[in-house]
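Asker: One structure follows; several queries about it will come next.
The values are calculated or read from the model by the stated rules, or taken from the named source; none is laboratory data. Worth saying up front: this structure is predicted, and the values here are computed from it rather than measured. As a convention, Cβ positions derive from the backbone with ideal geometry for all residues, glycine included, and neighbour counts pool all protein chains shown.
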Amino acid sequence: MSLIVKDPAMQSDHPWLNQPDPYDHTDPHALCPPNIGGNQSIGTERPVRIAHETVRTKAPERTEQKQATEDAETSAGAEPLDELLAELDHTEGEWASLGALYGPGGTFDHLRKARLSVIALSIRDERVAKGEKVTDGLVETLAHADSAYIAFLDGHTIARARYLELCAKRDGIMARVNRGQALIRYAARAA
């Protein structure tokens, strides 16, 4: 569980940080500075600037309920849920960044088309500068065969394979979580 710990000695402005107290609501622009259009940012009433606060993770406390849960997991033959969730957390960052690129609604196809367009334009410019006749079909074919485009695809093929590995790993972890829950439910009914 994360806690935000505020240092009471640091209630005032900090000249070296150049940031006001985020809990001082006297200046509305302190919380929501104007964005590019000059309008106030839309959001919650939470302060945006929290440079002088520290986020600390509190050590989990051992409770009877937690011990009972672990005992139920062990007696049912299920893997400890905390360990499985830690495995999911370990892959979260890389999986999310690769998913934004290659997952549903990802941006890879847009990047690929942009790269292909840049290569096609450079090929067209080279051919026109040499005085050669240029057709769209020729430019498209040459752009797809360009070594820079092939290297771009090779690099992304490796990254996409990593994304698919992470998806499979996360699916496997979730299957183990579901199996453990089923074992615990079965053991509870049998008892």
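Asker: Can you say whether Y102 is touching a Leu at 6+ places or on another chain (Cβ under 9 Å) and touching a residue at least 60 places away in the same chain (Cβ under 8 Å), as far as the supplied structure shows?
Answerer: Considered against the rule, which asks whether it is touching a Leu at 6+ places or on another chain (Cβ under 9 Å) and touching a residue at least 60 places away in the same chain (Cβ under 8 Å), Y102 comes out as yes.
Matching residues to (1) among the hydrophobic types (A, V, I, L, M, F, W, C); (2) over 19 Å from the mean Cα position of the chain (by Cα); (3) at pLDDT 95 or above:
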| site | (1), (2), (3) |
| --- | --- |
| T107 | no, no, no |
| K133 | no, yes, no |
| G155 | no, yes, no |
| R162 | no, no, no |
| G172 | no, yes, no |
| A175 | yes, yes, no |
| L183 | yes, yes, no |
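Conditions tested, residue by residue: (1) surrounded by 13 or more Cβ atoms within 10 Å (Cβ to Cβ); (2) over 29 Å from E83 (Cβ atoms).
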position: G99; (1), (2): yes, no
position: R112; (1), (2): yes, yes
position: I119; (1), (2): yes, yes
position: A143; (1), (2): yes, yes
position: G155; (1), (2): no, yes
position: R160; (1), (2): yes, no
position: K169; (1), (2): yes, no
position: A188; (1), (2): no, no
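Asker: Then there is this: Please go through region 116-143 and give me each residue that is part of a helix (DSSP H, G or I), of a type outside the set (D, E) and out of contact with any helix residue (DSSP H, G or I) (no Cβ under 7 Å at 6 or more places or on another chain), ordered by number.
Answerer: S117, V118, L121, S122, R127, V128, A129, G137, L138, T141
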